[in-house]
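Here's the structure, in structure tokens; my notes come after.
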Amino acid sequence: MSVAEAVPALRKTALNAVHRQMGAKMVPFGGWEMPVEYPAAIGCGIINEHMAVRTGVGIFDVSHMGDIRLAGPGALAAVQHISMNDASRLAIGQAQYSALLYPNGTFVDDVIVHRLGEEEYLLVINAGTREKDFNWVRDNTRQFDCKVEHLSDDFTQIAIQGPKAVDLLQKLTDANLSAVKFYWLTHGTVCGLKNILIARTGYTAEDGFEIYIPSDEATSARVWNEILEAGKEFGAVPCGLGARNTLRLEGKLPLYGHEISDTLNVWEAGLDRFCKMEKADFIGRAALEKAKAEPLKRTLIGLEMTGRGIARDDYKVLDQSGKEIGYVTSGCPAPFLKKNIALAYVPPAFAEIGSTLNVEIRGQAVAAQVVPTPFYKRPKKN
Amino acid sequence: MASYPTDFKYTKEHEWIKQSDNTATIGITNYAQESLGDIVFVDAPKVGTEIKAGATFGSVESVKAVSDLFAPVSGTVTEVNAELATAPEKINKDAHGSWIIKVTLKDPNELNSLLSAADYEKFVAEEGSH
């Protein structure tokens with residue numbers, strides 16, 4: 001048995017002490033010390049946390065995520081220039097999944113673009129790419145009449161996720177949440193704090209909200225505890241990055257450095273529907289236009305293990321003859337689906353649904369079937 | 001806190017071993033199961049496999065990670081706990097009661113170099129206090 005060692009100095013969110021008090025197991029992630037799971041002694045653990053989000057509600061500290069605000073007369077043009085989705089389609093109060101691309105069509109990062117006002121946008125970015133993203137956005141929007149601000153340290157971001165998230169959060173806010181559709185946002189009083197950004201977004205493939213509150217420790221701890229307290233009647237549990245990963249993987253939501261990176265392009269990642277080639281020019285467009293005319297070298301597929309074993313990140317994918325044809329980007333046991341699932345890059349010739357491939361697990365070829373993705377889709381309401 | 005049985009010996013890699021004449025039973029400690037979290041898979045060697053003290057003989061997987069199992073002693077696998085193939089979470093519930101393999105010992109003296117319950121408890125107290 002080998003057990004992971006503790007780690008050197010990492011950045012801490014305002015809720016770090018609260019997580020430690022609760023007995024969370026802390027791990028390094030993207031330069032941050034984050035809770036991976038809460039202790040079994042208080043009813044948590046990755047599987048329980050995952051199931052709470054699928055069937056009730058779970059609470060996540062996602063303050064490690066970064067935030068960039070663009071505001072001014074040229075804000076829309078700037079956002080259009082640096083992101084692949086079409087921000088001109090956003091109404092005030094609407095959000096969209098998008099990505100920042102390099103000129104060669106690979107990923108700087110994936111982002112959620114929120115339209116906060118007439119000329120105001122908020123990009124929510126990944127923890128591990130904060131500085132890179134901010135520099136990229138700042139350097140590539142100088143020609144536009146807009147102010148670019150790095151607000152990452154201003155917010156404690158808390159995600160309330162699951163079918164009961166709306167009932168929980170409604171207890172703590174005057175905003176009418178039933179009027180906020182998925183991927184829309186509003187502002188309201190939350191736990192007595194005025195004008196809080198409430199977005200109906202998340203990274204769990206479930207309904208839910210993300211709220212952005214002031215990042216001082218006292219306020220952050222008070223709100224966190226009030227949410228957990230208000231969630232008791234719904235069986236709310238705190239959730240760590242472990243469940244966040246298994247939840248997003250069941251829903252095939254990409255993770256930077258895994259399904260998307262600076263060596264993978266939009267077509268390979270299968271994110272075509274978030275890339276609006278018909279809008280005006282944007283960074284990466286020309287390369288993607290060219291790439292579109294050529295056959296794909298590799299494509300992202302879903303695998304379900306049919307043999308006994310769990311595919312993990314970076315394991316090799318083999319064809320039936322044992323030849324290496326690709327690799328797993330993310331793999332884990334899926335707690336809700338109760339299957340061992342994985343995402344992998346393989347040449348398109350091997351991507352046919354239903355076909356059998358192998359994953360090399362500790363030197364053994366273990367059978368896996370190519371399956372449709374996402375592995376999990378939340379039930380539609382009515 | 002689960003207590004560590006005094007008739008077991010322990011490794012710094014968090015296996016326990018219980019000797020009975022020239023055979024022994026091997027599992028992972030309560031500290032190990034707590035560190036791993038929800039255990040979902042146990043990869044144990046087949047009956048007849050030779051294991052070597054200090055070398056890996058299988059692995060235990062939690063939702064999040066894979067951890068190698070290190071043999072506390074050398075010997076030959078005589079029995080594998082089949083129950084863990086379908087219910088690996090038993091290790092979370094009772095780590096010291098959920099054995100993984102049984103072996104015949106090559107050299108019972110190898111056990112002398114392993115940790116006592118008191119020494120192991122001291123060791124994990126230090127490891128946990130980082």
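The values are calculated or read from the model by the stated rules, or taken from the named source; none is laboratory data. In this text, all values refer to a predicted model and were calculated from it rather than measured experimentally. Cβ sites come from the backbone with ideal geometry, for glycine too, and all protein chains shown count toward neighbours. Just the protein is used for accessible areas: all its heavy atoms, side chains included, with ligands, DNA and RNA removed. Shrake-Rupley method; radii C 1.70, N 1.55, O 1.52, S 1.80 Å.
Some observations on this one:
- Candidate set from segment B:20-50 (those that are in contact with a Pro (Cβ under 9 Å, 6 or more places away or on another chain) and of a type in the set (D, E, K, R)); member that is farthest from A:PRO333 (Cα to Cα): B:ASP21
- Residue in segment B:1-10 that is within 13 Å of another protein chain (Cβ to nearest Cβ) and of a type outside the set (Gly, Ala, Ser) present: yes
- Which listed residue, of B:ALA125, B:ALA95, B:ALA118, is at pLDDT 95 or above and loosely packed, with under 13 Cβ neighbours inside 10 Å: B:ALA118
- Number of the condition not met by A:PHE144 [criteria: (1) open to solvent by 30 Å² or more (accessible area, probe 1.4 Å); (2) of a type outside the set (Gly, Ala, Ser); (3) under 21 Å from A:SER88 (Cα atoms); (4) free of Cβ contacts under 8 Å to residues at least 60 places away in the same chain]: (4)
- You will find that of B:LYS18, B:LYS12, the residue that is outside any loop (DSSP other than H, G, I, E, B) and in contact with a strand residue (DSSP E or B) (Cβ under 9 Å, 6 or more places away or on another chain) is B:LYS18 and no other.
- Subset tally (residues that are hydroxyl-bearing (Ser, Thr, Tyr), within 14 Å of chain B (Cβ to nearest Cβ) and open to solvent by 10 Å² or more (accessible area, probe 1.4 Å)) for segment A:35-62: 0
- When segment B:84-128 is filtered for residues that are small (Gly, Ala, Ser) and under 22 Å from A:CYS44 (Cβ atoms), the ones remaining, listed by number, are B:ALA87, B:ALA95, B:SER98, B:GLY128.
- Taken over segment A:279-324, the residue count meeting the criterion of being crowded, with 20+ Cβ neighbours inside 10 Å, among the β-branched types (Val, Ile, Thr) and part of a strand (DSSP E or B) is 2.
- Selection status of B:VAL77, of a type in the set (A, V, I, L, M, F, W, C) and within 11 Å of chain A (Cβ to nearest Cβ): no
- Sole residue being closer than 30 Å to A:ASN104 by Cβ, open to solvent by 10 Å² or more (accessible area, probe 1.4 Å) and away from chain B (no Cβ under 11 Å), chosen from A:MET65, A:MET22: A:MET65
- Among the residues of segment A:225-266, just one is among the hydroxyl-bearing types (Ser, Thr, Tyr) and in a helix (DSSP H, G or I), namely A:THR246.
- Picking from residues in segment B:32-70 that are in a helix (DSSP H, G or I) and facing chain A (nearest Cβ under 7 Å), the one that is most open to solvent (accessible area, probe 1.4 Å) is B:SER35.
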